[in-house]
């Protein structure tokens, strides 16, 4: 009997998973997956699965960068208004989206089984939600061990970067993490955002104490940062053309304590609304930048 059973073909069964819009039930492991947000795109790439189509493909390469997206992946429109026709033409067997696209979930379901998972929701911890999403997608795509390895690698990286900072004596002063919107206003990352997980793991304080939106940020004027005199400023690229010249003549900038101490650090883009990987990317870039020393300039 054992020989006969061993000779029978095995039908893969992915099972059922609860999600924000109901239950996803699959008979086979998906092969053709479309992702409608960058956190989901990132998660698939980390699992070693290249999506057949993504939303805002070209923007991913500017703002997210890592893990790298292959050139031949199809673009299916924007993240806020993807093309249902373009999605259908790709003949996916799984669509991954988030609650921002909830009104379209029924339409998407007509094209292919749809999994709805949101990293950013009021009252949640983004890194934990992103970890859960990665783990669940690992199960759905039969990549459980890969998901586990990714999370272990991130924790190892965080510990390594923390050791580097501690050995250099650079964990004694908090940081402010910002993106410039113009020469007067920044998006500042709050303690309830994704980046806080990286700061905590690195042993760095977040100088900005106020809770932000459920996306984990607030928009403030440069003058609002001035009271936090002990902080170092970390500017996340990209910045607007001509910003450096505008800041050079701006009293709102030149009188900031971190600027006067030449403790301004500019790093490459890190997507603040992604999954687990931006935490690793930020930890490495931030540690390297702090070890290299700051300036009073923004490029």
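Computed values, structure above
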item: Check on residue 159, under 20 Å from the mean Cα position of the chain (by Cα), over 29 Å from residue 34 (Cβ atoms) and either surrounded by 15 or more Cβ atoms within 10 Å (Cβ to Cβ) or not assigned by TED's automatic domain parsing to the domain that holds residue 281 (or both); result: yes
item: Qualifying residues in the range 233-246 (those that are out of contact with any helix residue (DSSP H, G or I) (no Cβ under 7 Å at 6 or more places or on another chain) and part of a strand (DSSP E or B)) - the one surrounded by the most Cβ atoms within 10 Å (Cβ to Cβ); result: 236
item: In the range 77-111, the residues that are within 19 Å of residue 275 (Cβ to Cβ), crowded, with 18+ Cβ neighbours inside 10 Å and in contact with a strand residue (DSSP E or B) (Cβ under 7 Å, 6 or more places away or on another chain); result: 94, 95, 96, 97, 98
item: Among the candidates 190, 168, 207, residue that is touching a helix residue (DSSP H, G or I) at 6+ places or on another chain (Cβ under 8 Å) and surrounded by 15 or more Cβ atoms within 10 Å (Cβ to Cβ); result: 190
item: Residue count for the range 247-275, restricted to those that are assigned to a loop (DSSP other than H, G, I, E, B) and either over 11 Å from residue 231 (Cβ atoms) or in contact with a helix residue (DSSP H, G or I) (Cβ under 9 Å, 6 or more places away or on another chain) (or both); result: 14
item: Residues being over 22 Å from the mean Cα position of the chain (by Cα) and closer than 16 Å to residue 281 by Cα - total across the range 164-179; result: 2
item: Check on residue 256, surrounded by 22 or more Cβ atoms within 10 Å (Cβ to Cβ), in contact with a strand residue (DSSP E or B) (Cβ under 8 Å, 6 or more places away or on another chain), farther than 16 Å from residue 186 by Cα and touching a residue at least 12 places away in the same chain (Cβ under 8 Å); result: no
item: Tabulated pairs, the range 234-245, first within 14 Å of residue 296 (Cβ to Cβ), second exposed (fewer than 14 other Cβ atoms within 10 Å of the Cβ), C-beta under 7 angstrom, 6+ apart or interchain; result: 244/297; 244/299
item: Filter result (modelled with pLDDT under 95 and either assigned to a loop (DSSP other than H, G, I, E, B) or within 30 Å of residue 212 (Cα to Cα) (or both)) within the range 77-92; result: 77, 78, 79, 80, 81, 82, 83
item: Subset of the range 171-182 (residues that are crowded, with 16+ Cβ neighbours inside 10 Å and at pLDDT 95 or above); result: 174, 175, 176, 177, 178, 179, 180
item: Residue check for residue 59: outside any loop (DSSP other than H, G, I, E, B) and either over 21 Å from residue 280 (Cβ atoms) or free of Cβ contacts under 8 Å to residues at least 60 places away in the same chain (or both); result: yes
item: Those residues of the range 39-56 which are buried (at least 16 other Cβ atoms within 10 Å of the Cβ) and in a loop (DSSP other than H, G, I, E, B), in sequence order; result: 47, 49, 51, 52, 55, 56
item: Top-ranked residue in the range 276-295 [being touching a residue at least 40 places away in the same chain (Cβ under 8 Å) and part of a loop (DSSP other than H, G, I, E, B); ranked as farthest from the chain's Cα centre (by Cα)]; result: 294
item: Tabulated pairs, the range 96-109, first on the phi > 0 side of the Ramachandran plot and assigned by TED's automatic domain parsing to the domain that holds residue 214, second buried (at least 21 other Cβ atoms within 10 Å of the Cβ) and at pLDDT 80 or above, C-beta under 8 angstrom, 6+ apart or interchain; result: none
item: Among the candidates 291, 282, residue that is surrounded by 21 or more Cβ atoms within 10 Å (Cβ to Cβ) and closer than 29 Å to residue 128 by Cα; result: 282
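The values are calculated or read from the model by the stated rules, or taken from the named source; none is laboratory data. These numbers come from a predicted model, not from an experiment. Note: ideal-geometry Cβ built from the backbone for every residue, glycine included; neighbour counts use all protein chains shown.
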